[in-house]
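**Q** Below you will find the structure I want to go over with you.
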Amino acid sequence: MCRTCDRAERAPREYLAQLREAIAARGWASIGVERGRLHPPVAYSVGLTGHGRPEVVVTGLPIPFATQLLDAVAAQVLRAGAPRPGQRVTLPSGTPVEMVKVADATARLKVAAEIFGPGIQALQAVHADDRGHWPWDARYRGIPGGQPILGLRQPGRPDRLSGVHRLFPITPPPRS
């Protein structure tokens, strides 16, 4: 369930006003929807649309990890522009992600659509498992509940990690 929905005492209008304030201060806010009985958790940005950029979605990660991933990607999207669908990037944490264009973002990102109207665009940051396998790879050993892919993957991409484009600066670990 959405953390906002859990707080029935807050009126939706008040919540949207608080989101708008957060977006004005930072450029985006993150929305987290907790795991349900049949659905894994999902988190997405709200506010990048106001800068002419697509929103970013993460599925299948616990909300605290998903929002950290969203923050890293959203900051880069505002700074340098959005990656293209099919582009692979490595986050500062070392997490590799492949960007997938979200099908029908307006229906999936309801709060973003409420603020910015229909026709919003979004990219999903699909993450590989700890062995470098993607959810579309038969050897993917993902997280409980899976990682739903919300759009069609760009054709012709290899299933294994190789040649990951380092969009974010990575600090190498210190030598022992």
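**Q** Considering each of Ala112, Ala105, Ala128 in turn, give the residue that is in contact (Cβ under 8 Å) with a residue 40 or more places away in the chain and either more than 19 Å from Ala22 (Cβ to Cβ) or in contact with a Leu (Cβ under 6 Å, 6 or more places away or on another chain) (or both).
**A** Ala105
**Q** Right, Gly47: modelled with pLDDT of 95 or more and out of contact with any Cys (no Cβ under 7 Å at 6 or more places or on another chain) or not?
**A** The answer is yes for Gly47.
**Q** So in the stretch 23-43, with the set limited to residues that are outside any loop (DSSP other than H, G, I, E, B) and touching a helix residue (DSSP H, G or I) at 6+ places or on another chain (Cβ under 7 Å), which one is nearest to Ile149 (Cα to Cα)?
**A** Step by step, filter the stretch 23-43, then rank; the result is Ala43.
**Q** Here's another thing I want to ask about it. Say whether the condition of being farther than 26 Å from Ser45 by Cα, surrounded by 11 or more Cβ atoms within 10 Å (Cβ to Cβ) and at pLDDT 85 or above is met by at least one residue in the stretch 123-136.
**A** no
**Q** Within the stretch 64-116, how many residues are in contact with a Lys or Arg (Cβ under 7 Å, 6 or more places away or on another chain), under 16 Å from Val42 (Cβ atoms) and part of a helix (DSSP H, G or I)?
**A** Qualifying residue count, the stretch 64-116: 0.
**Q** Quick one: is Gln87 of a type outside the set (Val, Ile, Thr), under 14 Å from Thr59 (Cα atoms) and at pLDDT 75 or above?
**A** No: the conditions fail for Gln87.
Residue-by-condition table, conditions (1) in contact (Cβ under 8 Å) with a residue 40 or more places away in the chain; (2) surrounded by fewer than 23 Cβ atoms within 10 Å (Cβ to Cβ):
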{"site": "Val56", "(1), (2)": "yes, no"}
{"site": "Thr59", "(1), (2)": "yes, no"}
{"site": "Ile63", "(1), (2)": "yes, yes"}
{"site": "Gln68", "(1), (2)": "no, yes"}
{"site": "Ala74", "(1), (2)": "yes, no"}
{"site": "Gly81", "(1), (2)": "no, yes"}
{"site": "Pro85", "(1), (2)": "yes, yes"}
{"site": "Pro92", "(1), (2)": "yes, yes"}
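The values are calculated or read from the model by the stated rules, or taken from the named source; none is laboratory data. Quantities reported herein were computed from a predicted structural model and do not represent experimental measurements. Every residue, glycine as well, gets a Cβ built from its backbone with ideal geometry; the counts of neighbours run over all protein chains shown.
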